[in-house]
Amino acid sequence: MNNKIVIITGSPRRRGNCSRLAASFEKRLNELGCETAVYNACSFSACDWSGSGAYFNDADRSDDSEAYLELLKKDIGEAHGVVLAVPVYVYGMPAQVLAMLDKIASAVKSGEISGRKRCALISCCAQKKISVFNGIKFTYEHVVKALGWENSGELLLTSLWKRSDADKHGAADEAYAFADKFAAQDAEEKKMPGDTEGPVNGGLTVSSLINDTLPSWLFE
């Protein structure tokens, strides 16, 4: 089975907590033998990504953006997994990420990208309430469904504001462990019907936020 995973980051704050979470997640995937390709939606302005061949006409695009887009489409086409690692901005996704998703949706619609992909969301916010993620969850889940892909899980981490918080509060470790859960689903898919081992959880839980092992720092 193809083991390439495309990771799309999208934090306007460079080297912020979300980037740290993505790096920890990628590190573990690589240790597990997965090939990764990382794209930063914030490397280009939203206006550079506004053109969409399937939805708009005569859009202006820079050569750099066009080349980046072609690499992105190629890697997603070859991958079996796509993971978004994005922070909450104004109770939703950063504009650059939304613009990149427009591009991806256009490529799927036009047939440039085909095949079912397994997806996951890694997100963080500065606030303490899990309801802050409602907007980003709505967008992510509906985009995945519209593309005909599969949502394999969501890691949502609150109370991450200062640049060091991802390490200080152990959030990077959660992202590392999340990669194990994501990759474990591939192992489950490879099992033959006669396998006797117990099944891996079908679908990842939302962080540890819906079970009884809540990190204490979520409520500080």
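The values are calculated or read from the model by the stated rules, or taken from the named source; none is laboratory data. Computed from a prediction, not measured in an experiment: that's the story for all the values here. Note that we place each Cβ from the backbone using ideal geometry, even for glycine, and neighbour counts take in every protein chain shown. Calculation scope for accessible area: heavy atoms of the full protein, side chains included, ligands and nucleic acids excluded. Shrake-Rupley method; radii C 1.70, N 1.55, O 1.52, S 1.80 Å.
The figures follow:
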{"read-out": "Residue pairs meeting the criteria (Cβ under 7 Å; at least 6 apart or on separate chains; first part of a helix (DSSP H, G or I), in the range 92-110; second charged (D, E, K, R))", "value": "ALA107/LYS73"}
{"read-out": "Selection count where residues are at pLDDT below 85, in contact with a Gly (Cβ under 9 Å, 6 or more places away or on another chain) and of a type in the set (D, E, K, R), scope the range 169-189", "value": "2"}
{"read-out": "Residue check for LYS128: among the charged types (D, E, K, R) and either within 22 Å of ALA183 (Cβ to Cβ) or surrounded by fewer than 19 Cβ atoms within 10 Å (Cβ to Cβ) (or both)", "value": "yes"}
{"read-out": "Residue ID - most open to solvent (accessible area, probe 1.4 Å), chosen from residues in the range 67-90 that are touching a helix residue (DSSP H, G or I) at 6+ places or on another chain (Cβ under 9 Å) and modelled with pLDDT under 90", "value": "TYR68"}
{"read-out": "Odd one out for GLY115, checked against (1) farther than 19 Å from ALA41 by Cβ; (2) open to solvent by 60 Å² or more (accessible area, probe 1.4 Å)", "value": "(2)"}
{"read-out": "Only one of VAL6, VAL38 that is open to solvent by less than 20 Å² (accessible area, probe 1.4 Å), modelled with pLDDT of 90 or more and assigned to a strand (DSSP E or B)", "value": "VAL6"}
{"read-out": "Single match in SER152, SER106 (criterion: among the polar types (S, T, N, Q), surrounded by 18 or more Cβ atoms within 10 Å (Cβ to Cβ) and in contact with an Asp or Glu (Cβ under 9 Å, 6 or more places away or on another chain))", "value": "SER106"}
{"read-out": "Exclusive hit being on the phi > 0 side of the Ramachandran plot, in contact with a strand residue (DSSP E or B) (Cβ under 9 Å, 6 or more places away or on another chain) and among the small types (Gly, Ala, Ser), set GLY148, GLY135, GLY153", "value": "GLY153"}
